[in-house]
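First up is the structure itself, then whatever we jot down about it.
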Amino acid sequence: MKILAVRSIPLADDTVAAWREAAKLCDIELRFLRRDDEAVSRLYKYAPNYGAVLNLGNTAFNDRRVDSVVFNPPEVVKTLNSPRAIRLSPLSIMLPPAVKLGGIPVHEKVWFKDKGFHDDNKEFFEKVDDYRLMRMATETCDFQKHIDGTVYRIVTVGDRVVQASINRDREYQWVGVNDLPRVLKLASKYAVSLLPEKNRTFIGWDFIMETDDDVYLLEGNTSPGVNVATAERILKAMRTNLSDGLLRQHFVRADMPRPVFHFEPPGVDGAPDHDVNFIEPPAWLNVVERVANEEEMGTNGAIREILDQARRERERPGRFTEFGR
């Protein structure tokens, strides 16, 4: 099997080395395309010679022009590439509650999250005044209420959990799929079902578990950092999905309008309506529990009902969003 990898940003040397070593262990030929102005042209040219394309966060190409199976099509990357994009997607029902600006004078325990890497894109406030948050607002940011709990990182290929770790003292430690709490497995499966392409994805999800029942999505990464063991599991799962014939069919999901974001800078006299998180856990979890044994959760009537409710709420007139097909 041959896999062609395309990326949007430079990868850490140890990450590239982990992918290459894992490919050897899986008997897979893995080639990384150079990052330059001709990368997309080379992708279209060489992709037919490869069994799959491994897209590590790139949105600059049209996957329908790629004559090969693309894992993480650009539409998936765009859904996850900023906190605001996630808030305006069906995944918003799994996020921590949004902080509404232009309301109370002082907010307590608030996260400011923006597009970026590591800890450069986020800031925590024990207390912060409303006007300061309004001045910080960007087109890609999100303001979220703080959740106390345990953070897990879960890697999925399609809706299969292939690796899991827990954050202890700011260090991720391996947990293993078998020992992962069932609620987190359900959360991962549900999150994948809300993406544009279910089977053609590999995602590094960060979830926080507040209690045994309350789980929130923090972010999804289409170019997660990996070690050799994790990369090997991803490649093996990709190969399995290919051999199962799952990837030539588009996954049918609930009919949600695709959000188109129009940013209006906040002024002193007011602020955009950030309160777009209308359905909060454990409401989503109750639905998932009822349909946990369904093969394709995104097509289930109960999930469609709750997503339709979210869609109707988001279509209310507002200053921040417009929706279209």
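Some notes on this structure:
- Whichever residue in the stretch 107-121 is surrounded by 13 or more Cβ atoms within 10 Å (Cβ to Cβ) and at pLDDT 90 or above and, among such residues, is farthest from S82 (Cα to Cα): H107
- Residue within the stretch 25-33 that is in a helix (DSSP H, G or I), in contact (Cβ under 8 Å) with a residue 60 or more places away in the chain and at negative phi present: yes
- Residue check, I147 surrounded by fewer than 22 Cβ atoms within 10 Å (Cβ to Cβ) and not in a loop (DSSP other than H, G, I, E, B): no
- Within the stretch 14-63, being among the acidic types (D, E), out of contact with any helix residue (DSSP H, G or I) (no Cβ under 8 Å at 6 or more places or on another chain) and within 14 Å of A231 (Cα to Cα) holds for D14, D27.
- Residue in the stretch 155-166 that is within 18 Å of R84 (Cα to Cα), surrounded by fewer than 22 Cβ atoms within 10 Å (Cβ to Cβ), touching a Lys or Arg at 6+ places or on another chain (Cβ under 8 Å) and not aromatic (F, W, Y) present: no
- Residue within the stretch 11-25 that is surrounded by 16 or more Cβ atoms within 10 Å (Cβ to Cβ), modelled with pLDDT under 90 and either among the β-branched types (V, I, T) or within 24 Å of the chain's Cα centre (by Cα) (or both) present: yes
- Residue selection: A5 fails the criterion of being surrounded by 13 or more Cβ atoms within 10 Å (Cβ to Cβ) and part of a helix (DSSP H, G or I).
- Where a residue in the stretch 67-92 is more than 24 Å from N241 (Cα to Cα) and its partner, wherever it lies, is outside any helix (DSSP H, G or I) and of a type in the set (D, E, K, R), with Cβ under 6 Å and at least six apart: S82/K115; P83/K113; P83/D142; R84/D142; R87/D142
The values are calculated or read from the model by the stated rules, or taken from the named source; none is laboratory data. Just so it is clear, the model here is predicted, and its values are computed rather than measured. Heads up, the Cβs are rebuilt from the backbone with ideal geometry, glycines too, and the neighbour counts pull from every protein chain shown.
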